[in-house]
Amino acid sequence: MIRLAIQKSGRLSEDSLKLIRECGISFISTTSKLKTEATNFPLEILFLRDDDIPGYVADGVADIGIVGQNVLVEEGLQDLTVKNLGFSKCRLSLAVSKGDEYKDVTTLSGKSIATSYPNLLQEFLTSKGVEADIHTISGSVEIAPSIGLADAVCDIVSSGSTLISNGLREVETVFKSEAVLIANQSLNQEKSRLLQQLLFRMEAVQKAQKSKYVVLNAPNSAIPEIKNLLPGIKSPTIIPLAEEGWSSLHSVVNEDDFWDIIQKLKEAGAEGILVVPIEKMIG
Ligand code: PRT
Ligand code: ZN
């Protein structure tokens, strides 16, 4: 049995549960309880506040966990990282009042900055040779300048709309964050084996999400060019169509190159292009 800690309720919860389900693990979703057990994998899920997850994994109360890098690194526990998960992306940024003059980070010398991330902020300021007065507060950081508590803020940003609606302007990125899988550093043999199984499944899910299955028809004369555009995993599958001189090609494309390749396929003479999501991808 392996014990996984995830956030009970918040920005990480839904994607963490989704990832576990996509790994083929079923459980009764009751975040109102403190824990639940999977029905088809030796996994127990603990629902915790995100801030508690790194410490619990470091202490072995939980074996593995899912948490934001911002929280993990702020707590000095980045060595627990096993895998980046690609969701809950955000950044820790410095922001000043919209009307304030700002040249570069030295503008903040001697100023007061409100944040919930004093360690990450201090490290950033030190690396820039800036000395400022850090005020650690636990919530509603963005209102600090308007109530006269601080000259600037250092807070988590995703869309940027919270800063704008509080009359603030983002001026520096201090730290970039995403959700990561973390693990206790002295797992026994059985738990290590279960972690490896989970990692194998997570990688299959991630690879699939980055890829699309493409099916298209093309005149046989266009096949050499299309083959170059669609190398696939090994090489594309080519099946003759009932209509003489035409074939159907099946292949896999990377999501990042997707639109570019589709355009080139059309130019090369491809027709009836179907693009299908892939559920799992192994090897
Ligand atoms: O109760 P608990 O302690 O578990 O949760 P929490 O309130 O501390 O954390 P939560 O659920 O807000 O965030 C969990 C994690 O999600 C964070 O540690 C980050 O890793 C990640 N994340 C991603 C974010 C955001 N995006 C985000 N936008 N965390 C917080 N925010 C907040 C930010 O603090 C600010 O108030 O959203 C606001 C800014 O959003 P925009 O879109 O207006 O820029
Ligand atoms: Zn929290």
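What to note about this one:
- Heavy-atom surface of the chain, accessible at 1.4 Å and reported per residue (Å²): 53
- Normalised alpha carbon radius of gyration of region 211-277 [divisor 2.2 N^0.38 Å]: 0.99
- Paramagnetic label reach from I233 (point 7 Å along Cα→Cβ; backbone nitrogen cut-off under 19 Å): within region 208-223, residues 208-216.
- Listed residues L216, L198, L163, most fluctuating in the chain (Gaussian network, C-alpha, under 10 Å): L216
- Protection proxy ranking of 263-275, 144-156 - average other beta-carbon atoms within 10 Å, highest first: 144-156, 263-275
- From the largest down, the chain spans 78, 51, 32 angstrom on the principal axes of its Cα atoms.
- Binning all Cα-Cα separations of region 90-177 at 10 Å, short to long from zero, yields these whole-percent fractions: 19, 60, 21, 0.
- Pairs beyond 29 Å (Cα-Cα), from K18/K266; K18/K176; K8/K89; K83/K264; K8/K83: K18/K266; K83/K264
- With 0.36 nm allotted per residue and the present C-alpha distance subtracted, the D256-M1 stretch has 88.1 nm of extension available.
- Within the accessible area of region 79-172 (1.4 Å probe), percent carbon and sulfur: 45
- With a Förster radius of 51 Å applied to the beta-carbon distance between E101 and L34, the computed FRET efficiency rounds to 0.55.
- Based on the convex hull around the alpha carbon atoms, region 1-131 presents an average projected area of 9.8 nm².
- In the chain, the longest principal axis of the Cα atoms and the axis of helix 13-22 are about 30 degrees apart.
- Net length available on complete extension from K176 to K18 is 54.6 nm, with 0.36 nm assigned per residue and the Cα-Cα distance removed.
- Dipole of region 90-177 computed with +1 at Lys/Arg Cβ and -1 at Asp/Glu Cβ about the Cα centre; of S112, S127, N166, farthest Cα towards the positive end is N166.
- Taking each residue as 0.36 nm, the span from T162 to Q189 lengthens on full extension beyond its C-alpha to C-alpha distance by 5.1 nm.
- R0 of 41 Å, Cβ-Cβ distance K128-Q197: FRET efficiency to nearest 0.05: 0.40
- Nearest-ten-degree value, helix 118-127 long axis tilted from longest Cα axis of the chain: 90
- Region 211-277, accessible surface, carbon-and-sulfur percent (1.4 angstrom probe): 53
- Nearest-20 debye value, the chain charge dipole, Cβ charges on Lys, Arg, Asp, Glu: 660
The values are calculated or read from the model by the stated rules, or taken from the named source; none is laboratory data. Model, not experiment: these values are computed from the prediction. Cβ atoms come from the backbone with ideal geometry, glycine included; neighbour counts cover every protein chain shown. These area figures cover heavy atoms from the full protein model, side chains too; ligands, DNA and RNA do not enter into them. Shrake-Rupley method; radii C 1.70, N 1.55, O 1.52, S 1.80 Å.
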